[in-house]
Structures are given as C-alpha cells and as structure tokens.
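Engineer: Would you mind keeping the following structure in view while I ask a few things?
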Amino acid sequence: MHLIAYVNGKFQSLHNAMIHIEDRGFQFADGVYEVVACYQDNFIEMGAHLQRLEQSCQKINIELPASLCEIRNLIERAYRFNRIPNAMIYVQVTRGMAPRTHAYPETIQPSLIITVRPLPEVSQEKLAVGYRAITLEDIRWKHCDIKSIALLPSIMGKHEAQSRGADECFWVDEEKHVLEGSSTNIFAIKGSEDLAEIFKSNKKEQTHILLTHPLGSRILGGITRDLVIRSARKLGMTIEERPWSLEENGITECFVSSTTNAAMPVYSVDDNSVGTGKPGPVTTQIRQLVLNEFYA
Ligand SMILES: Cc1ncc(COP(=O)(O)O)c(C=O)c1O
C-alpha cells in the first residue's frame, strides 16, 4: 500500500517522509497528538479531536502551526490522498527543531505531521468473547489529561498485558481505584436487572449505573468516553463519574472505550471474571449506540 504523509507543509510518500533528528519530538517526546477515525468519509467527532489537540498544545505552551480549520483541511486531504475507506488518522504536533537542550527557545516553529493507516478491525471472535485485562499500578505522570507523545509507560503497560496474555492494562491508583487503560477509558456497570427484561417491560426507570473515573489530571478525557456517557444517558442509566474499584459490590459488566475500539467488553481482570464472564447486555447496547454515532 502506497501511503502518503503530511510533514511540515508537504504531502509526500510515507516512505520518504522525514523529520530532522533535532526535532524535539524525537529528542524529548516534546509534543502532543490526536487519533481521528474516519469511516467511509465520515470523520468521527473531528471537532472534539481538534479542540483537544488545541488544549493539549496550550497546556504545554506550543502554538499550533496552523489554524484548526487548516488542520481539519489537511486531515481531510491526507485521508483522500490515501484512499483508505476506514482510516485512522494520526496528527502529531511537536515543539519543533532546535539544538538539543532541555529549555526551549521561545521562537521555534512547531512541526505538524499527519499519517493515515487502515483502522484496525476488531475481530468478531474477539468481540464475542471480550478483552482480558490486568491491573498495574499507575506509573505515569500527573498530567494525563494532556495527550502527550511520551508514551513509554503506556508501551510498558501494554507489553506487560500482552506478555501475560491480556489485551489491555488497567492503571490503578494507590487505593486501587481504576483510572484508565494504556490507551482506553474504562467503565463498570452496576445493576442486577436484566436489560432485555427492562426493555421488554417498557419500564421507563432503569436501575443500571455507569461508573467511570472523573475527568482531571489522572486520565485522558476520551472523545469516545463522552460518546459512551451520552449513549448511557439515552438508555436512561445513571452516570457516576467518581473513583471506583473492581472490589466494589454489584459490578456486573466492564468495558473499555477508545476511538479505535468504540466500546469493547472486558470479561476478566487479573484472572477474575467480571459478572458472568461474558460480554454483558448493557455493554452490547452501549457499543451499538456508539457505533451508530460512528456510522451516522
Ligand atoms: C490514555 C488514554 N486514555 C483514553 C483514550 C481514549 O481516547 P479517545 O476515546 O479519544 O480515543 C486514549 C486513546 O488513545 C488514551 O491513550
């Protein structure tokens, strides 16, 4: 597949696309990024991703090298050049190139890089079973709300998960509260009533609770997290954004969310089954609503 990348003003073959070795992204991971999904020409929540990119830049004092409108246009062009119907578009802004020293010059031109790849497809087999997760003590920094390109802890967490036969690691804090995954947000569902029964009986009040860690500096405010919360509201669920742990009574389902996963059920954490140990009905409903938004 001949891929085209955008690097600092030029579209070119990915094969030849280069940045200077003194780019601070390479030297210090001094930069931020976004991943936007596109299904058949439909960019998912592009506005929200651009807004988060702008916020990440502001938080580390990088001035965006182009307006949000121009970046949107470049993303759309990159997508069209690559002719990948279901694509994952990676947008990276680094502080730019300067002789390597920690302090950065005030007058520095940030780098903008856009690459496009096929969106990884979740296999039907995986979906039928769900993900396995492990918990790990959070070893990251105190600004997880910034979508930083410094992903070493996430790489280590994901590697540890995979080497133990799991799909995702759940970062937990000192009190074992579940924060987020290496590249996902995490949700639990509490509620004993069968959702199918609730729908059948047309009961308006539904008793399921959606639990997720509150926004703040310990998690990334996922764009899909917002979609999940909106979907759960549509189902009449109660949303509780508060610290929670896997030991909490009454958890019947668990799932993760991200741009590339939508909502994926989690059937086991640290070798303990969650609920029935199978993808649950509420997760399935929420996943469907999120996918409806994706394909809208
Ligand atoms: C640490 C972390 N949390 C959550 C997410 C999910 O965010 P989004 O739904 O915007 O893809 C990601 C995505 O990369 C992530 O890296």
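Engineer: Which ones in the range 232-268 are of a type in the set (Gly, Ala, Ser) and within 13 Å of the ligand (Cβ to nearest atom)? Write out each step before concluding.
Structural biologist: Of all residues in the range 232-268, those of a type in the set (Gly, Ala, Ser) come to 232, 236, 245, 250, 257-258, 262-263, 268.
Across the range 232-268, the qualifying residues are 257, 258, 262, 263.
Engineer: Please determine, by comparing only the residues of the range 40-82 that are of a type in the set (Asp, Glu) and in a loop (DSSP other than H, G, I, E, B), which one is farthest from residue 219 (Cα to Cα).
Structural biologist: If we filter the range 40-82 for residues that are of a type in the set (Asp, Glu), which is where we start, we get 41, 45, 54, 63, 70, 76.
From what's left, in a loop (DSSP other than H, G, I, E, B): 41, 45, 63.
Details: 41: 30, 45: 19, 63: 23 Å.
Result: 41.
Engineer: Could I ask something else about it? Restricting to the range 47-89, name every residue that is under 25 Å from residue 291 (Cα atoms) and touching a strand residue (DSSP E or B) at 6+ places or on another chain (Cβ under 6 Å). If you could, list the steps in order and put the result at the bottom.
Structural biologist: Of all residues in the range 47-89, those under 25 Å from residue 291 (Cα atoms) come to 47-53, 72-73, 75-80, 82-89.
Passing the criteria: 49, 53, 75, 78, 79, 82, 84, 86, 87, 88, 89.
Engineer: Only one of (1) over 18 Å from residue 35 (Cβ atoms); (2) within 16 Å of the ligand (Cβ to nearest atom); (3) modelled with pLDDT under 95 is not met by residue 123, so which one is it?
Structural biologist: For residue 123, the exception is condition (2).
Engineer: Please find, among 89, 114, 108, 71, the residue that is within 15 Å of the chain's Cα centre (by Cα) and not assigned by TED's automatic domain parsing to the domain that holds residue 261. Please lay out each step first, then the result.
Structural biologist: Working: 114 fails: within 15 Å of the chain's Cα centre (by Cα); 108 fails: within 15 Å of the chain's Cα centre (by Cα); 71 fails: within 15 Å of the chain's Cα centre (by Cα).
Selected residue: 89, the only one of 89, 114, 108, 71 that is within 15 Å of the chain's Cα centre (by Cα) and not assigned by TED's automatic domain parsing to the domain that holds residue 261.
Engineer: Specify the residue that is surrounded by the most Cβ atoms within 10 Å (Cβ to Cβ); the eligible residues are those in the range 118-152 that are of a type in the set (Ser, Thr, Tyr) and more than 15 Å from the chain's Cα centre (by Cα).
Structural biologist: Taking the range 118-152 as the starting set, the residues that turn out to be of a type in the set (Ser, Thr, Tyr) are 123, 131, 135, 148.
With the extra rule that they be more than 15 Å from the chain's Cα centre (by Cα), the set shrinks to 123, 131, 135.
On the way: 123: 9, 131: 24, 135: 18.
Here the answer is 131.
Engineer: Sticking with this structure for a sec: Given the criteria within 15 Å of residue 61 (Cα to Cα) and not assigned by TED's automatic domain parsing to the domain that holds residue 269, does residue 101 qualify?
Structural biologist: Values: within 15 Å of residue 61 (Cα to Cα): no; not assigned by TED's automatic domain parsing to the domain that holds residue 269: yes.
It is false that residue 101 is within 15 Å of residue 61 (Cα to Cα) and not assigned by TED's automatic domain parsing to the domain that holds residue 269.
Engineer: Go through the range 17-40 and report how many residues are exposed (fewer than 15 other Cβ atoms within 10 Å of the Cβ) and at pLDDT 95 or above. Walk me through how you get there before you give the answer.
Structural biologist: Our first condition is that a residue be exposed (fewer than 15 other Cβ atoms within 10 Å of the Cβ); within the range 17-40, this holds for 18, 20-22, 29, 40.
From what is left, the residues that are at pLDDT 95 or above are 18, 20-22, 29.
Matching residues across the range 17-40 total 5.
Engineer: Name the single residue, out of those in the range 161-193 being of a type outside the set (D, E, K, R), part of a loop (DSSP other than H, G, I, E, B) and within 15 Å of the ligand (Cβ to nearest atom), that is surrounded by the fewest Cβ atoms within 10 Å (Cβ to Cβ). Talk me through it step by step, then tell me what you get.
Structural biologist: At the first step, the residues of the range 161-193 found to be of a type outside the set (D, E, K, R) are 161-163, 165-166, 169-172, 177-179, 181-189, 191-192.
Of the ones still in play, those that are also part of a loop (DSSP other than H, G, I, E, B) are 165-166, 182-184, 191-192.
Now restrict to residues that are within 15 Å of the ligand (Cβ to nearest atom): 182-184.
Details: 182: 23, 183: 20, 184: 27.
Among those that are of a type outside the set (D, E, K, R), part of a loop (DSSP other than H, G, I, E, B) and within 15 Å of the ligand (Cβ to nearest atom), it is 183.
To keep it simple, each residue is scored yes or no on (1) assigned by TED's automatic domain parsing to the domain that holds residue 260; (2) under 21 Å from residue 149 (Cα atoms); (3) acidic (Asp, Glu).
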{"position": "12", "(1), (2), (3)": "no, no, no"}
{"position": "17", "(1), (2), (3)": "no, yes, no"}
{"position": "20", "(1), (2), (3)": "no, yes, no"}
{"position": "26", "(1), (2), (3)": "no, yes, no"}
{"position": "32", "(1), (2), (3)": "no, yes, no"}
{"position": "37", "(1), (2), (3)": "no, yes, no"}
{"position": "45", "(1), (2), (3)": "no, yes, yes"}
{"position": "48", "(1), (2), (3)": "no, yes, no"}
{"position": "52", "(1), (2), (3)": "no, yes, no"}
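Engineer: Can you name every residue in the range 145-160 that is of a type in the set (Gly, Ala, Ser) and within 11 Å of the ligand (Cβ to nearest atom)? Lay out the reasoning, then the answer.
Structural biologist: Of the residues in the range 145-160, the ones of a type in the set (Gly, Ala, Ser) are 148, 150, 154, 157.
Listed by number, the residues that qualify are 148, 154, 157.
Engineer: A further question on this structure: Please pick out the residue among 40, 55 that is touching a Pro at 6+ places or on another chain (Cβ under 9 Å), among the polar types (S, T, N, Q) and either within 16 Å of the ligand (Cβ to nearest atom) or in contact (Cβ under 8 Å) with a residue 40 or more places away in the chain (or both). Show your work before the answer.
Structural biologist: Values: 55 fails: touching a Pro at 6+ places or on another chain (Cβ under 9 Å).
Going through 40, 55 in turn, the sole match is 40.
The values are calculated or read from the model by the stated rules, or taken from the named source; none is laboratory data. Since we're looking at a predicted model, the values are computed, not measured. Ideal geometry is used to build each Cβ from the backbone, glycine not excepted, and the neighbour counts take in all protein chains shown.
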